[in-house]
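Worksheet: the structure to be examined is printed underneath.
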Amino acid sequence: MLREWSVGRNPNLPEEDLWEAVDVIDWWRAQHARPLARANAGLRYYVHKLSDDVNVSQRLKRFVTIVDKLERHPTMQLDTMEDIGGVRAILPRQQQVDDLVRELRRQPRWKIKRVREYVTGRDPGPKEDGYRAVHVVVERDGRFIEIQLRTPWQDRWAQSVEQDTRRLRHGLKFGLGPADLREYFRVVAEYFELREANQDAPEELLRELSNLFAATRAYYAEEEQ
């Protein structure tokens with residue numbers, strides 16, 4: 001209902017129906033707070049068995065972000081959205097990410113719905129825009145919580161895209177925006193992957209990265225004006 005109003009398909013919805021839809025989303029979002037806190041606490045226990053140098057955080061998806069995602073995915077229902085509650089852990093190396101996932105799989109109380117490995121050579125592999133991480137969707141107290149596991153290099157890339165999505169308003173985080181800017185971040189992700197593996201980047205990749213960097217500076221100049 002709220003999706004129909006926000007995308008203009010039915011702008012004449014009665015006001016009381018609109019506010020009822022808002023209340024439903026607010027209520028459903030709040031239902032994830034306790035399961036999120038429990039998943040966070042449980043994850044910290046296993047993370048700190050691997051390393052003390054780990055940043056673990058949590059967040060409830062903002063109301064406007066929930067509505068935006070419903071708009072971008074017309075067939076998605078509110079109760080099937082898997083990332084309203086999210087926990088993120090930044091582990092020093094990919095091997096520790098893999099060790100943590102194996103540990104969670106061995107624990108019967110962790111009801112794992114799915115694991116998506118956005119990593120080269122895994123299933124489904126890096127996203128088209130270059131995003132790399134491992135996502136583990138778990139069920140806690142009847143609610144889905146998404147656990148994002150990243151290395152520092154993967155997180156640095158994701159944070160840069162997040163910041164530039166807000167800064168430039170091009171929707172980079174959602175696969176939108178100018179083609180050359182999206183290609184720049186995709187190549188940066190490849191470069192970061194090589195740096196993380198202590199491998200030298202091929203000259204061809206470095207030239208491509210340099211050319212894309214030069215070509216995309218105009219977007220930042222426009223933002224600073």
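Structure notes:
- When residues in the stretch 1-21 are screened for being surrounded by 15 or more Cβ atoms within 10 Å (Cβ to Cβ) and either modelled with pLDDT of 80 or more or under 30 Å from Trp153 (Cα atoms) (or both), 1 of them pass.
- Any hit, the stretch 172-188, residues being out of contact with any helix residue (DSSP H, G or I) (no Cβ under 6 Å at 6 or more places or on another chain), under 25 Å from His32 (Cβ atoms), outside any loop (DSSP other than H, G, I, E, B) and of a type outside the set (Phe, Trp, Tyr): no
- When restricted to residues that are surrounded by 14 or more Cβ atoms within 10 Å (Cβ to Cβ) and not charged (D, E, K, R), the stretch 66-78 contains 5.
- Check on Val64, among the hydrophobic types (A, V, I, L, M, F, W, C), within 21 Å of Lys173 (Cα to Cα) and either out of contact with any Ser or Thr (no Cβ under 7 Å at 6 or more places or on another chain) or at pLDDT below 95 (or both): yes
- Qualifying residues in the stretch 35-57 (those that are of a type outside the set (A, V, I, L, M, F, W, C), surrounded by 18 or more Cβ atoms within 10 Å (Cβ to Cβ) and under 19 Å from Val101 (Cβ atoms)) - the one nearest to the chain's Cα centre (by Cα): Asn40
- Within the stretch 187-225, the set of residues being crowded, with 16+ Cβ neighbours inside 10 Å, within 18 Å of Val119 (Cα to Cα) and of a type in the set (D, E, K, R) comprises Glu190, Glu193, Glu196.
- Positions within the stretch 41-69 being closer than 20 Å to Glu139 by Cβ and either without any contact (Cβ under 8 Å) to a residue 12 or more places away in the chain or touching a Gly at 6+ places or on another chain (Cβ under 9 Å) (or both), in sequence order: Ala41, Tyr45, Gln58, Arg59, Leu60, Lys61
- Among the numbered conditions (1) within 25 Å of Gln154 (Cα to Cα); (2) surrounded by 14 or more Cβ atoms within 10 Å (Cβ to Cβ), the only one that His32 does not meet is (1).
- Checking Glu139, Glu117, Glu162 one by one, the residue that is buried (at least 20 other Cβ atoms within 10 Å of the Cβ) and of a type in the set (Asp, Glu) is Glu117 and no other.
- Some residue of the stretch 44-57 being assigned by TED's automatic domain parsing to the domain that holds Asp99, in a helix (DSSP H, G or I) and either closer than 18 Å to Asp155 by Cα or touching a strand residue (DSSP E or B) at 6+ places or on another chain (Cβ under 8 Å) (or both): yes
- Whether a residue is small (Gly, Ala, Ser), within 30 Å of Ala30 (Cβ to Cβ) and touching an Asp or Glu at 6+ places or on another chain (Cβ under 6 Å) was assessed, and Gly175 passes this test.
- Failed condition for Lys69, given (1) at pLDDT 95 or above; (2) in a helix (DSSP H, G or I); (3) not polar (S, T, N, Q): (1)
- Gly177 meets all of the listed conditions (1) surrounded by fewer than 19 Cβ atoms within 10 Å (Cβ to Cβ); (2) modelled with pLDDT under 95 but one, namely (1).
The values are calculated or read from the model by the stated rules, or taken from the named source; none is laboratory data. Since we're looking at a predicted model, the values are computed, not measured. So basically every Cβ, Gly included, is an ideal-geometry build from the backbone, and we count neighbours across all protein chains shown.
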